Every structure is written in structure tokens, then in C-alpha cells.
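J.: Got a structure for you, questions after.
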Amino acid sequence: MGLIHTAIQVSDLDATRAFYEDALDFEHRLDFEWPADDEDAVYNYYVGRGDGAEIQFRYDPGRTDPVEPTGIDHLALDVDDVDAEFDRLVEATDCPVVSEPTTVDPAGTRVAFVEDPDGYVVELVEQLE
């Protein structure tokens, strides 16, 4: 059994797509409206990376209240060089910084935390040797 995807509500699909696709190198995998032929349909947009797991962005164009990223502490992404990826991402997107790169010795990782356009926290994780 493996993780297929995680679904998050987004308020601005274009900004979210730019953050994940353009800045974090995710690839568009699938998109559709559901339920089909329904005026209250939600647009579902999937992105992924090489490992097979995906993120589903659920966009409701009729939504008037702001998206609250509750219930999800953070999304963790593996990177080769957390310092370089952090610098590049902040420069490219001007995203809010939650925590600059730091080493977590007990986990054998180097990590940094930023926020996406809706305030979801994204952790960049580099596995150390």
C-alpha cells in the first residue's frame, strides 16, 4: 500500500500552479471538474514528481471565504541541496520563510520551511550522509 496523493484546497490555482510547477519542478499530471456538468463543480488539478506521489489542488471558483490551511502541518519534499533550493525558491517566489535551513542531527537531515501561496507550510528536506 502506498500514498497516492494529498488533496489541499487552494484559493488561486494559477499562483499555486506557478509555485509548485515553475518553482518546485512538479509536473502537471491530470485535471478535471467534478462532479461533471454541475454548476457547483470543483476543479481538481494534480501535480507530481518522479516518486509517483501527487498533490491534488482542489479549486472552487465560487468560493468566497479564504482558504485556511488547517489540519495539515506541512508537506515535505526531498531535495538534493536544501540551502541552494531554499535560496532559489525564495528568490523566485518571494514566499514567506518559516524557518531558514538548519541541520536536524537526530534525523540526519538538513531542512528549511517556507509557505506556499495559500499558507501551507512546505518543508524542504535534504538527507545527509
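J.: Quick check on my filter: what residues within the range 112-129 are free of Cβ contacts under 8 Å to residues at least 40 places away in the same chain and outside any strand (DSSP E or B)?
T.: Matches in the range 112-129: Leu128, Glu129.
J.: Can you tell me which residue among Val42, Val79 is surrounded by 13 or more Cβ atoms within 10 Å (Cβ to Cβ), modelled with pLDDT under 95 and assigned by TED's automatic domain parsing to the domain that holds Glu129?
T.: Result of the check over Val42, Val79: Val79.
J.: Based on this model, can you work out whether Val67 counts as closer than 27 Å to Pro96 by Cβ, out of contact with any Ser or Thr (no Cβ under 8 Å at 6 or more places or on another chain), of a type in the set (A, V, I, L, M, F, W, C) and not assigned by TED's automatic domain parsing to the domain that holds Val122?
T.: Against the criterion (closer than 27 Å to Pro96 by Cβ, out of contact with any Ser or Thr (no Cβ under 8 Å at 6 or more places or on another chain), of a type in the set (A, V, I, L, M, F, W, C) and not assigned by TED's automatic domain parsing to the domain that holds Val122), Val67 does not qualify.
J.: For residues that are surrounded by fewer than 16 Cβ atoms within 10 Å (Cβ to Cβ), closer than 22 Å to Phe86 by Cα and out of contact with any strand residue (DSSP E or B) (no Cβ under 9 Å at 6 or more places or on another chain), tally how many sit in the range 10-39.
T.: 5
J.: Could you list, in sequence order, all residues of the range 73-111 that are in a strand (DSSP E or B) and touching a residue at least 40 places away in the same chain (Cβ under 8 Å)?
T.: Leu75, Ala76, Leu77, Asp78, listed by residue number.
J.: Filter the range 45-68 down to the residues that are surrounded by 15 or more Cβ atoms within 10 Å (Cβ to Cβ) and within 30 Å of Leu128 (Cα to Cα) and list them by number.
T.: Tyr46, Val47, Gly48, Arg49, Glu54, Ile55, Gln56
J.: Go through (1) modelled with pLDDT of 95 or more; (2) of a type outside the set (Asp, Glu); (3) not assigned by TED's automatic domain parsing to the domain that holds Thr6 and name the single condition Phe57 misses.
T.: It fails just one condition, (3).
J.: Give the range 57-109 a look and list any residue that's over 13 Å from Gln127 (Cα atoms) and of a type in the set (S, T, N, Q), or say none.
T.: Thr64, Thr70, Thr93, Ser99
J.: Continuing with the same structure: So, in the range 97-129, how many residues would count as being of a type in the set (Gly, Ala, Ser) and surrounded by 12 or more Cβ atoms within 10 Å (Cβ to Cβ)?
T.: Here the count works out to 3.
The values are calculated or read from the model by the stated rules, or taken from the named source; none is laboratory data. Computed from a prediction, not measured in an experiment: that's the story for all the values here. As a convention, Cβ positions derive from the backbone with ideal geometry for all residues, glycine included, and neighbour counts pool all protein chains shown.
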